[in-house]
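As structure tokens, the structure follows; a few thoughts come after it.
The values are calculated or read from the model by the stated rules, or taken from the named source; none is laboratory data. What you see is a predicted model, and the numbers here were worked out from it, not measured in a lab. All Cβ positions, even for glycine, are placed from backbone atoms using ideal geometry, and neighbour counts span all protein chains on display. What goes into the accessible areas is simple: the full protein's heavy atoms, side chains included, and nothing from ligands, DNA or RNA. Shrake-Rupley method; radii C 1.70, N 1.55, O 1.52, S 1.80 Å.
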Amino acid sequence: MCGIVGAVSQRNVINILLDGLKKLEYRGYDSSGVAVLNKNKELSFYRKVGKVQELSNLVENKNVDGGTGIAHTRWATHGEPSEKNAHPHLSNKVAVVHNGIIENYEELKHELISSGYNFKSETDTEVIAHLLDFYLNESKNLREAFFKTVKRLKGAYGTVAFELNNPEVLITARSGSPIVIGLGYDENFIASDQLALLNVTRKFMFLEEGDIAEIKYNEISVFDVNGKSIERDIIESNLKENATVKGQYKHFMEKEIFEQPQAILDTLAGRTLDNDVLVESIHYDAKEILEKVEHVQIIACGTSFNSGLTAKYWFESIAKVSCDVEIASEFRYRDFVTRPNSLLITLSQSGETADTLAALKLAKEKGFMATMSICNVAGSSLVRESDFSFMTKAGVEIGVASTKAFTTQLVCLLLMVTAIGKVKCKINTEKEHEIISSLKVLPKQIQSIFKFDKDIAEISKDFSDKHHTLFLGRGEFYPIAIEAALKLKEISYIHAEAYAAGELKHGPLALIDEDMPVVVIAPTNELFEKLKSNIEEVKARGGKLYVFTDTESTFTDEENTKVIKLPAVNHITAPIYFTVPMQLLSYHVALIKGTDVDQPRNLAKAVTVE
Ligand code: G6P
């Protein structure tokens, strides 16, 4: 959440900063700001509530020209979205932007007020600006003052600052919030995400936790917390050029839904041979590790949590390994018992979710056999802090509501389940081949769902004026119903709940009336007859039903019941497959409602604060 861009160059950097902010807008979008310094030490400083476009409009015609600058797009944590709370924050001699939360800001604020500083905002960030100014008075040296400042900060931060009197130097620190340096010719850049800089460079240096770096147009110096000079690798980005453009699509979410066949193909590549799972593609030592696993503990947040819930069914029914799934923000604050030979799996699109990271750090002290992350961002904090990682190859996901990251997580989880089942001899070759071959045909099968896009768009009209929706599923389709309800809530702002269909009679039946559509995920499987009875319970009470099933089922349209029949697929991969029509349904409802699909109100793509 929140995005940072910085540049130090011989040319004017204002457009680089604004363009970078636009690329990061999905991380935070309630206000933004920019501070640019020219060689004559003249400062241009603008902040604006709303989207980055508002800031661009404000800056246009102001003839901003300068080679050193920092910019920020904000997702409010401390203090409402307002101009005074937007970053950068200025103190007498410095300008600062910051991602994260300074936990001891009240104590620092108190101290700074007694030293004569006036606070103009309600943010925690302003303490960094004043503290840096305070130490600059003492030492007159930016680097020295910055080290002293950083030593005083508790919490998570990725921060960039410059001194108003010292054009051509940016200073940055990473602690709990990512910072990447982009290398150019006679210019260098800083950002919280490489996506912001793809238009100006493809060479990056990822700072590690605790790193501090000083950046000039022709020089980059990196230091550890003690001020010792250190080297960091320079990496050529392999992100595709079109990763951050919508192309023919109206929204990133739409693009990402339609990218799923390719994302699944990419995720499977190199991980299977014929119809065998390649265990060593998980980790060179995977066989040895997985053989010992007696329990799997999954930790995640949001959509990633829902993929964990789905995988629990697979771990227990296919690999015969017990599995618990827990929300990271709960797990990290309770006393839990670590079972013998437990493998901890964290699931995350971004690899930067603060609660998931904290849960991982805690788990490492609590005797887990090994920690593994299934993640979409190489080099992210979660990947770096886990013993090993199994990457989803979804490509950049920009829509705040996660789609292709979810389905590719499920693919990785199913590969993991197959690998554990195989090395522990819980599945035979026939089963292994069944799973892998059904994963391989999945991209094509998902492609065939897109032919139903128009039908789904048609039924979405029935939802747009409703205030509530109920999603039902059984077995591993219950978590898919939970994910479907989450998607509808996130982007259409309709209250939606998911229930295990067998639980209807214990409460939710009381809610059934013609104003609450009921969506049922009903593939033909061993629970189909049970689910049919649950559907009858809804029908008998006048509920309006939308049944997503397959061509093998006997459901037909009738009064108050609309049926979408998709081509039947293997029951093991069916949860991944049935996710897609649910994504399309919420997307079309949101389109009709006219909400901000890619940047829904109050939400952020990566939640890097608690
Ligand atoms: C935020 C996003 C969700 C995401 C969740 C977990 O809430 O809006 O789409 O599922 O964070 O994020 P992660 O990156 O850890 O999967």
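Gly507 meets the conditions (1) open to solvent by 10 Å² or more (accessible area, probe 1.4 Å); (2) on the phi < 0 side of the Ramachandran plot in every case but one. The failed one is (2). Number of residues in the range 165-175 that are farther than 16 Å from Ser9 by Cα and open to solvent by 50 Å² or more (accessible area, probe 1.4 Å): the value is 1. If only residues of the range 179-208 that are within 18 Å of Val222 (Cα to Cα), in contact with a strand residue (DSSP E or B) (Cβ under 6 Å, 6 or more places away or on another chain) and touching a residue at least 60 places away in the same chain (Cβ under 8 Å) are counted, the one that is surrounded by the most Cβ atoms within 10 Å (Cβ to Cβ) is Ser192. Among the residues of the range 470-494, the one identified as more than 25 Å from Leu414 (Cβ to Cβ), of a type in the set (Ser, Thr, Tyr) and in a helix (DSSP H, G or I) is Ser492.
Going through the range 105-115 one residue at a time, which ones are open to solvent by less than 60 Å² (accessible area, probe 1.4 Å) and at pLDDT 95 or above? The answer is Leu108, Lys109, Leu112. For the range 549-581, a residue qualifies if it is among the aromatic types (Phe, Trp, Tyr) and part of a loop (DSSP other than H, G, I, E, B), and exactly one does: Phe555. Of all residue pairs spaced 6 or more apart or on separate chains, those with beta-carbon atoms under 6 Å, a first member in the range 128-149 that is under 17 Å from Tyr105 (Cβ atoms) and a second member that is of a type in the set (A, V, I, L, M, F, W, C) and assigned to a helix (DSSP H, G or I) are His130/Leu112; Leu132/Ala145; Tyr135/Ala145; Thr149/Leu131; Thr149/Leu132. Taking the listed residues Phe162, Phe134, the one that is at pLDDT 95 or above, on the phi < 0 side of the Ramachandran plot and open to solvent by 30 Å² or more (accessible area, probe 1.4 Å) is Phe134, with no other qualifying.
Lys461: in contact (Cβ under 8 Å) with a residue 24 or more places away in the chain and more than 21 Å from Tyr313 (Cα to Cα), yes or no? Yes, satisfied. Screening the range 26-45 for residues that are open to solvent by 10 Å² or more (accessible area, probe 1.4 Å) and under 23 Å from Leu239 (Cβ atoms) and picking the one that is farthest from the chain's Cα centre (by Cα) gives Tyr29.
What do you reckon, is Ile459 in contact with a strand residue (DSSP E or B) (Cβ under 6 Å, 6 or more places away or on another chain), within 16 Å of the ligand (Cβ to nearest atom) and either acidic (Asp, Glu) or modelled with pLDDT of 95 or more (or both)? Spelling it out, it is not the case that Ile459 is in contact with a strand residue (DSSP E or B) (Cβ under 6 Å, 6 or more places away or on another chain), within 16 Å of the ligand (Cβ to nearest atom) and either acidic (Asp, Glu) or modelled with pLDDT of 95 or more (or both). Of the candidates Ser380, Ser342, the single residue that is among the hydroxyl-bearing types (Ser, Thr, Tyr) and modelled with pLDDT under 95 is Ser380.
Is one or more of the residues making up the range 416-425 in a helix (DSSP H, G or I), within 29 Å of Phe368 (Cα to Cα) and open to solvent by 40 Å² or more (accessible area, probe 1.4 Å)? Yes, the range 416-425 contains at least one residue that is in a helix (DSSP H, G or I), within 29 Å of Phe368 (Cα to Cα) and open to solvent by 40 Å² or more (accessible area, probe 1.4 Å).
Looking at the range 292-367, the helices (runs of 4 or more DSSP H) lying wholly inside it that each contain 1 or more residues that are more than 9 Å from the ligand (Cβ to nearest atom), open to solvent by less than 10 Å² (accessible area, probe 1.4 Å) and of a type in the set (Val, Ile, Thr) sit at 302-317. Among the residues of the range 531-543, is there at least one that is within 16 Å of the ligand (Cβ to nearest atom) and either assigned to a helix (DSSP H, G or I) or in contact with a strand residue (DSSP E or B) (Cβ under 7 Å, 6 or more places away or on another chain) (or both)? No, there is no match, as no residue in the range 531-543 is within 16 Å of the ligand (Cβ to nearest atom) and either assigned to a helix (DSSP H, G or I) or in contact with a strand residue (DSSP E or B) (Cβ under 7 Å, 6 or more places away or on another chain) (or both). If we keep just the residues of the range 137-159 that are open to solvent by less than 10 Å² (accessible area, probe 1.4 Å) and among the β-branched types (Val, Ile, Thr), which is nearest to Glu42 (Cα to Cα)? Step by step, filter the range 137-159, then rank; the result is Thr159.
Scanning the range 1-25 for residues that are open to solvent by less than 20 Å² (accessible area, probe 1.4 Å) and closer than 14 Å to Asn99 by Cα returns Met1, Cys2, Gly3, Ile4, Val5, Gly6, Leu21, Leu24.
Exactly one residue out of Ile482, Ile494 is touching a helix residue (DSSP H, G or I) at 6+ places or on another chain (Cβ under 7 Å) and more than 15 Å from the ligand (Cβ to nearest atom): that is Ile494. For Gly395, the stated conditions do not hold, so it cannot be described as within 11 Å of the ligand (Cβ to nearest atom), on the phi > 0 side of the Ramachandran plot and assigned to a loop (DSSP other than H, G, I, E, B).
Considering the conditions (1) under 26 Å from Leu442 (Cβ atoms); (2) free of Cβ contacts under 8 Å to residues at least 24 places away in the same chain, Asp335 is excluded by exactly one of them, (1). Out of all the residues in the range 368-382, which are within 17 Å of Asp266 (Cβ to Cβ) and within 12 Å of the ligand (Cβ to nearest atom)? Within the range 368-382, Ile374, Cys375, Asn376, Val377 meet the criteria.
Residues that are assigned to a strand (DSSP E or B), free of Cβ contacts under 8 Å to residues at least 12 places away in the same chain and exposed (fewer than 15 other Cβ atoms within 10 Å of the Cβ) do occur in the range 222-229. Within the range 76-93, restricting attention to residues that are touching a strand residue (DSSP E or B) at 6+ places or on another chain (Cβ under 9 Å) and open to solvent by 20 Å² or more (accessible area, probe 1.4 Å), the residue that is nearest to Phe134 (Cα to Cα) is Lys93. One residue stands out among those in the range 564-610 that are farther than 30 Å from Lys154 by Cα, open to solvent by less than 10 Å² (accessible area, probe 1.4 Å) and modelled with pLDDT under 95: the one that is farthest from the ligand (Cβ to nearest atom), which is Val597.
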